[in-house]
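The values are calculated or read from the model by the stated rules, or taken from the named source; none is laboratory data. Nothing here was measured: the structure is a model prediction, and the numbers come from that model. Because the Cβ atoms are built from the backbone with ideal geometry, glycine has one as well, and the counts that use them run over all protein chains shown. These area figures cover heavy atoms from the full protein model, side chains too; ligands, DNA and RNA do not enter into them. Shrake-Rupley method; radii C 1.70, N 1.55, O 1.52, S 1.80 Å.
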Amino acid sequence: MQDKSQLKIIAASGNEGKIAEIKQILRDFEVVSMKEIGICVDPQESADNFLGNALIKATALQDSLIEHGYEEFLVLADDSGICIEALDDEPGIFSARYANIEKGILENASDEENRACVVERLHARNISSSLARFVACVVLIGRVRLRDEMIDLNLQASGECRGVIYDNEKGENGFGYDSMFQPEGYNVRMAELDSEEKNLISHRAKALRALSLELDSKLK
């Protein structure tokens, strides 16, 4: 098997919290962010599902790397969000810009604004909590040399974490909606878990572990 530590994976994200999670979960690989290699892409996420948006982000970074002369690279992209049952599975793919959607603004809103928007929508239905699930889809694309041969990779995986979302916040860890979300089987919020605990159960961790296993099988 090829030495995994020699494979550089470039994460197509500017979210520092997400980058930190990816690096921790894929610790056997060398993971770097776009910022660390001096490239930035921010494509419009126009797909109607998580996988489609992950592919858009991965492809945009892949094209930029080719333009910058990269010949051998692996690009990792994810799209993730929370689907709240009582809100008809909103915000879903719009989780990062939930507070801006009705304003016609395409840019992401702040985590605080998005959480406030969820509270407002729950209260509009006279409820303070709802079943919910975090969803993550990840893709890994690019070219890598294996046994003196260049091969193209296109791997995909997904993960879910089910639980309950509340109209108040607890905990200081994590990001996004973590402080509002209590995972199934726990009596604390996601933001009250340390990173090691979160990475045992989170949607992104499940997706990345599945992707890592698939990559391992390709490297044998």
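I want the local charge near Glu197. Using Cβ-Cβ distances under 13 Å, sum +1 for each Lys or Arg and -1 for each Asp or Glu among the other residues.
Local charge sum for Glu197: -3.
Rounded to a whole number, what % of the accessible area of the stretch 148-220 do carbon and sulfur atoms account for, probe 1.4 Å?
Exposed carbon and sulfur together represent 42 percent of the surface.
Restricting to bridges with both residues inside the chain, how much of the DSSP beta-bridge set is antiparallel, in percent to the nearest 5?
85
Between Glu72 and Glu107, what is the label-point separation in nm under the 7 Å Cα-to-beta-carbon projection?
4.0
Considering just Cα atoms, how many Å³ per residue does the convex hull of the stretch 156-220 enclose?
88
The stretch 3-45 to the stretch 131-156: how many Å between their Cα centroids?
What the calculation gives is 13 Å, centre to centre.
When the dipole is taken about the Cα centre of the chain, and only Lys, Arg (+1) and Asp, Glu (-1) are charged at their Cβ, what size is it in debye, to the nearest 20?
Its charge dipole is roughly 420 debye.
Please report the projected area of the chain's Cα convex hull averaged over all directions, in nm².
12.1
Could you work out how much longer the chain between Lys220 and Glu184 gets when fully extended? Use 0.36 nm per residue separation minus the Cα distance between them, nm to one decimal.
Using 0.36 nm per residue and subtracting the Cα-Cα distance, I get 9.4 nm.
Counting only GluC sites (Glu not before Pro) that are in a DSSP loop and have at most 10 other C-beta atoms within 10 Å, tell me the longest site-free stretch of the chain.
Segment 1-70 is the longest.
For a test of the definition: using alpha carbon positions, the gyration tensor, and the 1.5 limit on a/c, classify the stretch 1-81 as rounded, prolate or oblate.
Cα axes put the stretch 1-81 in the oblate bin.
Working out 0.36 nm times the residue gap between Asp148 and Asn126, then minus their Cα-Cα distance, what length gain in nm do you get to one decimal?
1.7 nm
How far is it, in nm, from the label point at Ile37 to the one at Glu160 when both lie 7 Å from their Cα along the line to the Cβ?
3.3
Please compute the contact order of the stretch 1-102 in relative form: average sequence separation of alpha-carbon pairs under 8 Å and at least six residues apart, divided by the residue count, as a percent.
25
Name the residue, out of Arg121, Arg204, Arg147, whose mean-square fluctuation peaks in a Gaussian network model built on the chain with Cα pairs under 10 Å.
Highest fluctuation of the listed residues: Arg147.
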